[in-house]
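Notes to accompany the following structure.
The values are calculated or read from the model by the stated rules, or taken from the named source; none is laboratory data. Not measured: the values here are computed from a predicted model. Here Cβ is always computed from backbone atoms with ideal geometry, including for glycine, and neighbour counts include all displayed protein chains. These area figures cover heavy atoms from the full protein model, side chains too; ligands, DNA and RNA do not enter into them. Shrake-Rupley method; radii C 1.70, N 1.55, O 1.52, S 1.80 Å.
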Amino acid sequence: MGECIFCRIAFKAIPAKIISETSLALAFHDINPQAPLHVLIIPKEHIGSVLEIKAQHSVLLKEMFLMAQDIARQEKVDQSGFRLIFNCGPHAGQAVDHLHLHLLGRRKLSWPPG
Ligand code: AMP
Ligand code: ZN
């Protein structure tokens, strides 16, 4: 598991407000939300970033996107709209080096992002 904070959350070694879980992926509320709804969807296995995604991760990625869809419907932002983001590397502000899909919603989001 090592020191990776999202691996520790995936192993339930540290708490998180988990809202959805499958054998491959986990979704929980961001600790520092940037919108009224801010959820992170992570693979349980450690993948450092988008740059480490391999063809063998296709089932996992499908699961993460289906989870995002389910959460959007459950949280009732499917009609109002929401944003999915993978930050990758320093210029995108990636702070945690474990792949995570941000789901942001319940407010109007500006474009282009800062
Ligand atoms: P990023 O900048 O794309 O790497 O996003 C990392 C996100 O992880 C930020 O939005 C943080 O607020 C969030 N975060 C960091 N630690 C935790 C934690 N222990 N539980 C929930 N969210 C976290
Ligand atoms: Zn990790």
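Taken per residue, the accessible surface of the chain reaches 61 Å², heavy atoms only and a 1.4 Å probe.
Can you tell which of Gly81, Gly93, Gly48 shows the greatest fluctuation in a Gaussian network model of the chain with Cα springs below 10 Å? Fluctuation is largest for Gly93. Along its three principal directions, the equivalent ellipsoid of the chain from the Cα gyration tensor extends over semi-axes of 21, 16, 15 Å, largest first.
With the simple model of a label 7 Å out from the Cα in the direction of the Cβ, Glu52 to Arg106 spans 3.1 nm. Tell me the net charge near Thr22. Cut-off is 12 Å between Cβ atoms, Thr22 excluded, with +1 for each Lys or Arg and -1 for each Asp or Glu. Around Thr22, the surrounding residues sum to -1.
Apolar share of the accessible surface for the chain: 56 percent from carbon plus sulfur atoms, 1.4 Å probe.
Within the stretch 1-58, which chymotrypsin sites (Phe, Trp or Tyr not before Pro) sit in a loop by DSSP and count at most 12 neighbouring Cβ atoms inside 10 Å?
Numbers: sites: Phe6, Phe11, Phe28; in loops: Phe11.
Counting only loop positions with at most 12 other Cβ atoms within 10 Å, the chymotrypsin sites (Phe, Trp or Tyr not before Pro) in the stretch 1-58 are Phe11.
Report the relative contact order of the chain, percent, no decimals, based on alpha-carbon pairs under 8 angstrom and at least 6 residues apart. Please list the in-between numbers first.
Working: 161 pairs, mean separation 34.0, N = 114.
Computed over the chain, the figure is 30 percent.
Here the label points at Glu45 and Ile19, each 7 Å from Cα along the C-beta direction, are separated by 2.7 nm in the simple model.
Lysine pair count for the chain (Cα-Cα distance under 26 Å; residues 8 or more apart in sequence or on different chains): 13.
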